[in-house]
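Right, one structure below, let's go through it.
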Amino acid sequence: MATVELNMENLNSYIENSKIMLIDFWAPWCAPCKMFGPIFEKASEKYPDIVFAKCNTDEQRDVASVFGIMSIPTLAIFREKILVFKDAGALPESALESLISQVKELDMDDVRRQVEEQAKKSATSGQNS
């Protein structure tokens, strides 16, 4: 599958309907983004079972704001509707490949348990303040 363009209209649909989704936050003037773009595109061809979305932060400021994007390129990865990775910086091909493998190998039952525990801690600390 080639990359898809992400915007506010399709954001939730892609998150809801993708087992794994990678988002490349970029801008046309960003040199590191231009270096990472072809690496991201190549991976999108290699992994047709994964959704590879690109978000032009100049054109889709609302989407970038939802994710708190402060620098680009930033890569965000969802697995089963849970944000499991978000970090800024252009990755070399080998690092992206490694990251995709790690995301595919995640024990999602464990991840969901950790998310629930974190939510309980946040709720408890919010009541104490």
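A few remarks follow.
- Within the stretch 1-38, the residues that satisfy the criterion of being farther than 18 Å from S71 by Cβ, aliphatic (A, V, I, L, M) and either assigned to a helix (DSSP H, G or I) or touching a residue at least 60 places away in the same chain (Cβ under 8 Å) (or both) are L11, I15, I20.
- Test set (1) among the charged types (D, E, K, R); (2) more than 18 Å from E9 (Cα to Cα); (3) part of a loop (DSSP other than H, G, I, E, B) - D58 fails condition number: (2)
- Among the candidates A43, A95, the residue that is open to solvent by less than 30 Å² (accessible area, probe 1.4 Å), part of a helix (DSSP H, G or I) and farther than 14 Å from F25 by Cα is uniquely A43.
- Residues of the stretch 83-116 that are more than 16 Å from P73 (Cα to Cα) and of a type in the set (D, E): E97, E105, D107, D109, D110, E116.
- For the stretch 17-40, a residue qualifies if it is surrounded by fewer than 20 Cβ atoms within 10 Å (Cβ to Cβ) and under 27 Å from K104 (Cβ atoms), and the qualifying residues are N17, S18, K19, I20, P32, M35, G37, P38, I39.
- Among (1) out of contact with any Pro (no Cβ under 9 Å at 6 or more places or on another chain); (2) within 30 Å of D58 (Cα to Cα) - the single one M108 does not satisfy: (2)
The values are calculated or read from the model by the stated rules, or taken from the named source; none is laboratory data. Predicted, not measured: the structure shown is a model, and the values here were computed from it. Every residue, glycine as well, gets a Cβ built from its backbone with ideal geometry; the counts of neighbours run over all protein chains shown. For accessibility, only protein heavy atoms count, side chains too; no ligands or nucleic acids. Shrake-Rupley method; radii C 1.70, N 1.55, O 1.52, S 1.80 Å.
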